[in-house]
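Beneath this line is the structure, given in structure tokens, with notes to follow.
The values are calculated or read from the model by the stated rules, or taken from the named source; none is laboratory data. If you're wondering where the values come from, they're calculated on a predicted model, not measured in any experiment. Cβ coordinates were reconstructed from backbone atoms using ideal geometry, including for glycine residues, and neighbour counts include every protein chain displayed.
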Amino acid sequence: MDEAQRHIVTVDQSASGERLDRALAAALPALTRSRVKALIESRRVALADGPTVEEPSRKVKTGERYVVDVPAPEAATPQAQAMDLDILYEDADLLVLDKPAGLVVHPAPGNPDNTLVNALLAHCGDSLSGIGGVRRPGIVHRLDKDTSGVMVVAKNDATHQALSKLFSVHDLTRIYKALVWGAPKAKAGTIEAAIGRHPVDRKRMAVRQKGGRQATTEYWLEKRFGPPLTPLASLVGAKLGTGRTHQVRVHLAHIGCPVVGDPVYGRRRNSPAPDSLKSFGRQALHAAVLEFRHPGTGKVMKFASELPQDMARLVAELNSVK
């Protein structure tokens, strides 16, 4: 299957009541059930002349017609694509860079190229570590597409293994800066709340009473904006004690201060806030500090990144709000 394909499946009586992923896999023997499930979850299955379907467990009915779009396969390995990188430090073992918002870290469905990995392959050539997986060479940790800030990349296998261990045991310092709605009740504190997949929306993370993984975030208030008693927004710092998916975003939303512009964990605000605050185009989250011990030299290395221009402009505007 070298090109994108579209299939139309009509549910017959024998399949009525089956799960959608099972029924489609039976009707399309070239696709495994897991592949069909992934297509459904990535919004590539829809009712004919109807809405997209996102629940693999949906029960099908006789006569329903489903349109299944199968995208063309991606290249087996990412291709090198030269682009400008803001490199803060580089040696034979590793590279530290300041990632801009909007740059995807590694290829994935919907983002097959023009990622940080493509740029790193062009910059580092054959030296880039492959231990992180063919699609994620050199990547030890990642930042979400719309999160900016400091990242470290391994350039060989030994460094990749050593850095991965530092991240897994949290033997390093990671500090974020975030613009959030409102302000924390306390000027500083520690959020200890387990994080796991949302029980209904599996694409989101959530604080879980059962089944989540332990997660800890220290936070502190840096500045409030707006009326003292009812601040519109605030700038906070957050230090990771663990490294769970979307941890800062989930934890700040958990204490009632979701990150400004966060499309997943934020909430639309009807307060008399400036339009620039309400319409900020990404989650206002920045990986400001990364400190770790160099696996090769043993030297403690600390890298800091100033707020990117879009966040800095918003802070400057908020400083004038009374």
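Identify, please: which residue in region 274-307 is of a type in the set (Gly, Ala, Ser) and in contact with a Gly (Cβ under 8 Å, 6 or more places away or on another chain) and is, among those, surrounded by the fewest Cβ atoms within 10 Å (Cβ to Cβ)? Spell out how you get there, then give the answer.
Quick first cut of region 274-307, residues of a type in the set (Gly, Ala, Ser) only: 276, 279, 281, 284, 287-288, 296, 298, 304-305.
Filter once more, keeping what is in contact with a Gly (Cβ under 8 Å, 6 or more places away or on another chain): 281, 284, 287-288, 305.
Numbers: 281: 12, 284: 29, 287: 23, 288: 20, 305: 21.
The extreme case among them is 281.
Which number in (1) of a type outside the set (Ser, Thr, Tyr); (2) loosely packed, with under 14 Cβ neighbours inside 10 Å; (3) part of a loop (DSSP other than H, G, I, E, B) marks the one condition that residue 6 misses?
(3)
Given the residues 228, 137, 184, which is the only one that is surrounded by fewer than 17 Cβ atoms within 10 Å (Cβ to Cβ) and farther than 22 Å from residue 308 by Cβ? Give the steps one after another, and end with the answer.
On the way: 137 fails: surrounded by fewer than 17 Cβ atoms within 10 Å (Cβ to Cβ); 184 fails: surrounded by fewer than 17 Cβ atoms within 10 Å (Cβ to Cβ).
Residue meeting the stated conditions: 228.
Looking at residue 190, is it β-branched (Val, Ile, Thr) and either outside the structural domain of residue 281 (by TED's automatic domain parsing) or surrounded by 15 or more Cβ atoms within 10 Å (Cβ to Cβ) (or both)? Write out each step before concluding.
On the way: β-branched (Val, Ile, Thr): yes; either outside the structural domain of residue 281 (by TED's automatic domain parsing) or surrounded by 15 or more Cβ atoms within 10 Å (Cβ to Cβ) (or both): no.
Taking the combined requirement at face value, the residue does not satisfy it.
Being touching a Ser or Thr at 6+ places or on another chain (Cβ under 9 Å) and either farther than 25 Å from residue 147 by Cα or at pLDDT 90 or above (or both) is true for just one of 92, 82, 72, 76. Which residue is that?
92
Give the residue that is modelled with the highest pLDDT, with candidates limited to residues of region 1-53 that are basic (Lys, Arg) and in contact with a strand residue (DSSP E or B) (Cβ under 8 Å, 6 or more places away or on another chain).
By that ranking, first place goes to 19.
Considering region 165-206 alone, what residues qualify as being of a type outside the set (A, V, I, L, M) and in contact with a helix residue (DSSP H, G or I) (Cβ under 6 Å, 6 or more places away or on another chain)?
If the condition is that a residue be of a type outside the set (A, V, I, L, M) and in contact with a helix residue (DSSP H, G or I) (Cβ under 6 Å, 6 or more places away or on another chain), then 176 is the only one that fits.
Show me the strands (runs of 3 or more DSSP E) entirely contained within region 56-134 in which 2 or more residues are under 24 Å from the mean Cα position of the chain (by Cα), under 19 Å from residue 152 (Cα atoms) and not assigned by TED's automatic domain parsing to the domain that holds residue 282.
87-90, 94-99
Quick check on residue 122: is it within 30 Å of residue 223 (Cα to Cα) and surrounded by fewer than 18 Cβ atoms within 10 Å (Cβ to Cβ)?
So residue 122 fails the test.
Among all residue pairs at least 6 apart or on different chains, which show Cβ distances below 6 Å where the first residue, located in region 115-139, is without any contact (Cβ under 8 Å) to a residue 60 or more places away in the chain and the second is surrounded by fewer than 22 Cβ atoms within 10 Å (Cβ to Cβ) and hydroxyl-bearing (Ser, Thr, Tyr)?
What qualifies is 134/77.
Cβ-Cβ under 9 Å, sequence separation 6+ or interchain: first residue in region 142-153 and assigned by TED's automatic domain parsing to the domain that holds residue 102 and more than 20 Å from residue 89 (Cα to Cα), partner polar (S, T, N, Q) and part of a strand (DSSP E or B). Which pairs?
Correct list of pairs: 145/111.
Can you find a residue in region 245-256 that is touching a helix residue (DSSP H, G or I) at 6+ places or on another chain (Cβ under 9 Å) and either outside the structural domain of residue 208 (by TED's automatic domain parsing) or at negative phi (or both)? Outline the logic, then answer.
From region 245-256, those touching a helix residue (DSSP H, G or I) at 6+ places or on another chain (Cβ under 9 Å) are none; that's our starting set.
No, region 245-256 has no match at all.
For region 180-227, which residues satisfy the criterion of being charged (D, E, K, R), under 20 Å from residue 265 (Cα atoms) and not in a loop (DSSP other than H, G, I, E, B)?
Listed by number, the residues that qualify are 192, 197, 213, 218.
Here is a list: 235, 221, 277. Which entry is farther than 30 Å from residue 154 by Cα, aliphatic (A, V, I, L, M) and touching a Pro at 6+ places or on another chain (Cβ under 9 Å)?
Answer to the check: 221.
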